[in-house]
Amino acid sequence: MSGTPVRLDLSSPSRGPRGKPPKHFVDLTPEQRVEAVTELGEKPFRAKQLATHYFTHLSNDPATMTDLPKATRDKLVEGLFPRLLTAHKTMTADQGTTVKTLWHLFDGAKVESVLMRYKNRTTLCISSQAGCGLACAFCATGQMGLTRNLSTAEIVEQVRAAGRMLADGEVPGGPTRLTNVVFMGMGEPLANYKSVMETVRRLVAPTPDGLGMSARNVTVSTVGMVPAMNKLAGEGIPVTLALSLHAPDDELRSELVPVNTRWSVAEAIDSAHRYFVATGRRVSIEYAMMRDINDQAWRADLLGELLNQRGRGWVHCNPIPLNPVPGSKWTASDPAVEQEFVARLRAHGIPTTVRDTRGSEIDGACGQLAAEEDE
């Protein structure tokens, strides 16, 4: 590992240098949607009709909006539903039940999302930034640098498209609905706080104002941006918080996760515990297992001790076998070492579940998203 300082981009501009995404129906509150519709010369009730098509039927296609006159629907869709995302490439794994989509945004920026269908749930991993400015050494996205933040509508469109794909039966197993959304794709969600929180509000708002999802089925991850974590605790929306820790000691974590030089391990864990106290929602600790780097048994013991210092029953640990990234010198832990690490955590009374690594063969697993277009 290099001791060369890494420049972090924590400025989080609300709009990147490429320009501002056009305003979309999803960016508006229900009241603003009514105003937008009337400004286009239509009756206020058209706003609810459009919301029903988008959030309930997951459609932005004017051809499906048969309860509106054709001229009206064409005008409203043209004015309020600009095309923000274009599916450029899809790849599948796990007999088609894992689908990675490369999206081109309106300005040529690129992001990826990954849809995973399991027996009893469907989960979409979404991106909140094009690239990432936090430079975590083992993460493909972190090595890209930050292009720009995504708008609320650009994030929600990833969710709507996945929901439509599932409803249309395009994923093996027959038609179904999207049950879980995780902000674990490209970017640091809490570095794009405003758009991510507006997205969460659209996800959990009852239909037709939003998608009607349970906040408990929405996970927001962070590498430990403490002020934003504290702010999230005060939002009153009990999403699941996932803290990507990856090391229990400051010396190693500062090399793996450079933001640790600003907010330490103790500060990040304290903030995560405050989130539990405020919301009653158990926090997930994400820990990528890297061979001979952070997988020593003593680090498992240290992690268990640190978590228990804040109390019992407030946290769940997810060790993740490191997913390979082209050109990276890091590899996944030996299975026996991983098992010992898990056993040590459980011996401390920490509920621990090794994370599924679906999609790794299509570079769709944790830490692999890099918006590559190579065939």
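The values are calculated or read from the model by the stated rules, or taken from the named source; none is laboratory data. Keep in mind it's a predicted model, so treat the numbers as computed, not measured. Neighbour counts are summed over all protein chains in view; Cβ atoms, including those assigned to glycine, are modelled from backbone coordinates with ideal geometry. Heavy atoms of the whole protein, side chains included, go into the accessibility calculation; ligands, DNA and RNA do not. Shrake-Rupley method; radii C 1.70, N 1.55, O 1.52, S 1.80 Å.
Rundown of residues vs (1) outside any helix (DSSP H, G or I); (2) crowded, with 21+ Cβ neighbours inside 10 Å; (3) among the aromatic types (Phe, Trp, Tyr), yes/no style:
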{"residue": "Arg148", "(1), (2), (3)": "yes, yes, no"}
{"residue": "Gly163", "(1), (2), (3)": "no, yes, no"}
{"residue": "Gly174", "(1), (2), (3)": "yes, no, no"}
{"residue": "Arg177", "(1), (2), (3)": "yes, no, no"}
{"residue": "Met186", "(1), (2), (3)": "yes, yes, no"}
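For (1) in contact with a Cys (Cβ under 9 Å, 6 or more places away or on another chain); (2) in a helix (DSSP H, G or I), each residue gets a yes or a no:
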{"residue": "Leu243", "(1), (2)": "no, no"}
{"residue": "Ala272", "(1), (2)": "no, yes"}
{"residue": "Tyr287", "(1), (2)": "yes, no"}
{"residue": "Leu302", "(1), (2)": "no, yes"}
{"residue": "Gly311", "(1), (2)": "no, no"}
Within region 235-285, can you find the residues that are within 20 Å of the chain's Cα centre (by Cα) and of a type in the set (Gly, Ala, Ser)?
Gly236, Ala242, Ser244, Ala268, Ser271, Ala272, Ser284
Of (1) of a type outside the set (Ser, Thr, Tyr); (2) more than 13 Å from the chain's Cα centre (by Cα); (3) within 22 Å of Lys48 (Cα to Cα); (4) open to solvent by less than 10 Å² (accessible area, probe 1.4 Å), Ile155 satisfies every one except (2)
Just wondering, is there one or more residues in region 117-126 that are touching a residue at least 24 places away in the same chain (Cβ under 8 Å), more than 20 Å from Met197 (Cα to Cα), open to solvent by 50 Å² or more (accessible area, probe 1.4 Å) and touching an Asp or Glu at 6+ places or on another chain (Cβ under 8 Å)?
no
Keeping to region 240-273, report how many residues are open to solvent by less than 20 Å² (accessible area, probe 1.4 Å) and among the basic types (Lys, Arg).
1
Checked region 284-299 for anything more than 29 Å from Asn217 (Cβ to Cβ) and either touching a Pro at 6+ places or on another chain (Cβ under 9 Å) or buried (at least 18 other Cβ atoms within 10 Å of the Cβ) (or both); matches are Met290, Ile293, Asn294, Asp295, Arg299
Given (1) farther than 17 Å from Ala228 by Cβ; (2) open to solvent by 30 Å² or more (accessible area, probe 1.4 Å); (3) assigned to a helix (DSSP H, G or I), index of the condition Phe276 fails:
(1)
Let me spell it out: the conditions are (1) surrounded by 15 or more Cβ atoms within 10 Å (Cβ to Cβ); (2) closer than 22 Å to Ser328 by Cα, and Arg281 meets all of them except one. Which number is the exception?
(2)
Restricting region 196-214 to residues that are in contact (Cβ under 8 Å) with a residue 60 or more places away in the chain and open to solvent by less than 10 Å² (accessible area, probe 1.4 Å), the one farthest from the chain's Cα centre (by Cα) turns out to be Gly210
